[in-house]
Amino acid sequence: MTAKELVKKVLFIEILKGMALTLKRMFSHAVTIQYPTERRPIAPGYRGEHALAKNPEGKAKCVGCGLCATVCPSQCIHVFREKGQVTRYEIEVLRCIFCGFCMEVCPYGAVVLTENFEFSAYTKEELYLKRDRLLSNWDKYMSGRKGEEYFRKFWHPLSDDLGTPSGQALFKGKKS
Ligand code: SF4
Ligand code: SF4
């Protein structure tokens, strides 16, 4: 230990520094808020509880292709189809890491992460989200302009972006 460190230790310099900071903060504006009566705005593109998107006619957009389930790193999405129809779509939300891959990979913009973060529960079963709840989450949190803006701002790599970027080197096969 150096002499400087020894002096610091003996005189409790770090503790005094901490106390001075506390004293200073006591007379400044509080950074905490009285949640839930007071709330901060939610960051745009926040990844909260899932929802299954509906088209303007009110029908589920999901076709049950299973891409989201394949890409999900937590393997917490389960999609079941029968005779061409999606019969079950379920998310074990306790295993979800909210990475957003499901949303990013879906070719139909059919699954989203809403801005709802207040979905704590007392049982595991309540956090096993089934299709009906996921569809009603769309109505609750994402319907109308909100859903449209969400896709336009954050999850745009749909058909518009699938063209060849300008300056891209292209392979041209030989004509036989
Ligand atoms: S949410 Fe999208 S990716 Fe997942 S099964 Fe439905 S259509 Fe396919
Ligand atoms: S956000 Fe990520 S972890 Fe959660 S369901 Fe989607 S792909 Fe899986």
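The values are calculated or read from the model by the stated rules, or taken from the named source; none is laboratory data. As the structure is a computational prediction, the values presented were derived from the model and not from experiment. Please note: Cβ atoms are built from the backbone with ideal geometry, for glycine as well, and neighbour counts cover all protein chains shown.
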Being more than 15 Å from ligand 1 (Cβ to nearest atom), in contact (Cβ under 8 Å) with a residue 24 or more places away in the chain and not charged (D, E, K, R) narrows GLY45, GLY18 down to just GLY45
Subset of the range 104-158, residues free of Cβ contacts under 8 Å to residues at least 40 places away in the same chain, part of a helix (DSSP H, G or I) and among the hydrophobic types (A, V, I, L, M, F, W, C), comes to VAL105, LEU127
What about GLU90, is it more than 15 Å from the chain's Cα centre (by Cα) and either of a type in the set (Ser, Thr, Tyr) or within 16 Å of ligand 2 (Cβ to nearest atom) (or both)?
-> yes
Where PHE98 falls short, out of the listed (1) more than 13 Å from ligand 1 (Cβ to nearest atom); (2) more than 14 Å from the chain's Cα centre (by Cα); (3) surrounded by 13 or more Cβ atoms within 10 Å (Cβ to Cβ) = (2)
Say we look at the range 43-61 and pick out the residues that are of a type in the set (Lys, Arg) and in contact with a strand residue (DSSP E or B) (Cβ under 8 Å, 6 or more places away or on another chain); which of these is nearest to ligand 2 (Cβ to nearest atom)?
-> ARG47
Matching residues, the range 1-26, being at pLDDT 85 or above and part of a loop (DSSP other than H, G, I, E, B) | PHE12
What number of residues within the range 1-33 are closer than 30 Å to PHE154 by Cβ and exposed (fewer than 10 other Cβ atoms within 10 Å of the Cβ)?
-> 2
Do you know which residues across the range 62-87 are within 16 Å of ligand 2 (Cβ to nearest atom) and in a loop (DSSP other than H, G, I, E, B)?
-> CYS62, GLY64, CYS65, GLY66, CYS72, PRO73, SER74, GLN75, CYS76
For the subset of the range 32-59 comprising residues that are touching a helix residue (DSSP H, G or I) at 6+ places or on another chain (Cβ under 6 Å) and among the aliphatic types (A, V, I, L, M), which member is nearest to PHE119 (Cα to Cα)?
-> ALA51
